[in-house]
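Taking it in order: structure first as C-alpha cells, then the write-up.
Throughout, read-outs are computed from the coordinates displayed, never taken from laboratory work. Computed from a prediction, not measured in an experiment: that's the story for all the values here. Reconstructed Cβ throughout: ideal geometry from the backbone, glycine too, with neighbour counts over all protein chains shown.
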C-alpha cells in the first residue's frame, strides 16, 4: 500500500478510535455524572461560579439559554475590539506590531468570537503577543459556546415534556474546562516537544541554509495552535498557518493536529447516543456524515496525487502529485486529507494553500463548507445536521400521510418554517456576497482583488464568502482581501449572521419540541435510527445543496476544470 494513503487511513482510524470513548466522556460531563477529572476541575468551576455569582444549578428555558449566549459574546466582542485597536501601546509586544485599524479589528474580533478565525492579517506582523493571547481566549469561548448550545439540544431531545433545559453557564464552563482544556493541553505538549515555540521572547536571529541572516518570529504559539485545532477554530499563530514549519514541524504533529480537527465533532455524535441512550441514532448520523465526508476526501486525494495536467504539460515532473502550494514533509495525500477535514468542519486551518489545489478538489472543499454538517464545527456541526433531520422528518411524514414526528414529538409548521429559514440563510449569504463582489469588481476592474481573473477569480470570491458563512476561515489566498475595508466589513457581517442565527434556530426548534407532549412509539412511528431514514436525510442534503449552489459552482471550479482539460 502507498505510504501516503496508509498515513491518511491511520489518521482517520485513530480519530474514530479516540472519538468513541471521548463521546462517552462528554455525555457524562453534560449529564452531570462523575468523571475522572472531577477532583481537578470541581474546585476550578466552583471558583468561577462563586466570583461571577452565577447559580449553576438554576435551570433555564431555551430563550434564557440564547440570551446568555448572546450576552457573553457581545461583551467579549467589545473587549476584543478595544484590545486589538490599542495593542500597539499595550504590553507583550516585543516586535512592535501596530494597533489594528477599526475595520480590521471589527473583522478579526467577529471572526474569532464566531469561531471563524478568518484572518485578514498575518499573525507574525498583525497581532502582538497580548493580542494572540486574547484571540486564544476567544478560541476557547467560541468553541465552548457552540458546545454549550448542542448540550441544550441534547437535553431537549430527551423522552419527556420539559421547559427547563439545564444551565447554559454550566454547560459552557464544563465544555471549556473538562473537554477543550485537557485535549488542548495534550496537543500543545506534542507540539512543544516537536519544536513549536512557546515563549514570550521576540524575534530570533538565525543563519539560513543559503547563508542569509534572517529574523524569525516566535512567541506563545503551541498553546494557541492546540486550541485552534481542538476547538475547530483554525486561526494560525503564523501567517502561513499549519503550513509553517514552526506551527506544524513534522508529520507527527501533522497527525496530531489533523486528528484534533474532527475529533470532537465526531465525538459529539457518539455523545448524543450515550446521552439519550440511542446508540443506533448516533450510528445513523455518523454513517451519513462519514459517507458525505468520504465522497469528498477520496476523489480529492486521488486528484492531488495524480498531479495537475496543466503543470505536467509544462514539462514539470508530477511523480509526487500536484505539489504546488504543498509541503514536501506532508505530501499530496495528507495535504488533500487535511483540506477536506478542515472544510467539512468549521476549522479552516491549512497545511497547504487551497488556492493551488486542482479545480475539483477546490470544489469539494467548497461543498464541504456549503453543506456545513458533515461533522461540522464543535457543537454547531450537529446543530446544522439537526436542521436537515427536521426537514427530512417533515418530508417523510408528508410522504406517508402522517403527522411528522421526531423522537416522540410532533414536528409542525412552526418548527419547519424555522428550519427552512435557517437553511436558506446559508446560500443567501454566500451567493449574495459573491454576487456583490463580482458586481463591484465589474464596475471597478482596477481593484487589486484578483490575481487570477476568470473562472478561478470567481472561485476565489465565492470561496471567501462560503468560508465566512460556514464560520470556516480558510481562503483561496490569491484573493487580494488585505487590506480592504470592503472585505473586512462584508465578511464581518456574514460571519455574525451565519454564526448566531444557525445557533438560535436549532435551539429554538429543540426548545419548542421539548415543551410538547411526548408520544410513545407505535407501529406507524417513523423510526429515525434506521438506514432508510439515513438515506432520506442524505438525499435531502444532496438535493437542497445542489439546487442552492450548483450554478455558482458551474461558473467557478467546474468551468475551470473543463477549461484546464482543453489545454
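Summary of values
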| read-out | value |
| --- | --- |
| Expected 222 nm ellipticity per residue - DSSP helices of 4 or more, -39500 (n - 2.57), all of the chain, to 500 | -21000 deg cm²/dmol |
| Percentage relative contact order, the chain, counting C-alpha pairs under 8 Å, at least six apart | 19 |
| Spherically averaged projected area in nm², based on the convex hull that wraps the Cα atoms of the chain | 26.5 |
| Span per principal axis, largest first, for the Cα atoms of the stretch 356-442 (Å) | 50, 26, 24 |
| Rh by Kirkwood over Cα pairs, then Stokes-Einstein D for the stretch 295-452 at 0.692 mPa s and 37 °C, µm²/s | 178 |
| Share of alpha-carbon pairs per 10 Å distance bin for the stretch 457-565, given as whole % | 11, 26, 30, 19, 11, 4, 0 |
| Gained length - residue 9 relative to residue 298, 0.36 nm times residue gap less alpha-carbon distance | 102.9 nm |
| At R0 = 45 Å, FRET efficiency that the Cβ-Cβ distance of residue 64 and residue 85 yields, to 0.05 | 0.90 |
| Gain in span if fully extended, residue 48 to residue 517, counting 0.36 nm per residue against the direct Cα distance | 165.2 nm |
| Mean-position separation - Cα centroids, the stretch 297-338 and the stretch 154-175, in angstrom | 46 |
| Separation between Cα centres of the stretch 68-104 and the stretch 185-236, rounded to whole Å | 22 |
| Two-decimal Rg to Rh for the stretch 151-256 - Kirkwood Rh, Cα set | 1.20 |
| Spacing of the two label points (7 Å from each Cα toward its C-beta) at residue 162 and residue 206, in nm | 5.3 |
| Spatial separation of Cα centroids for the stretch 539-567 and the stretch 368-421, in angstrom | 25 |
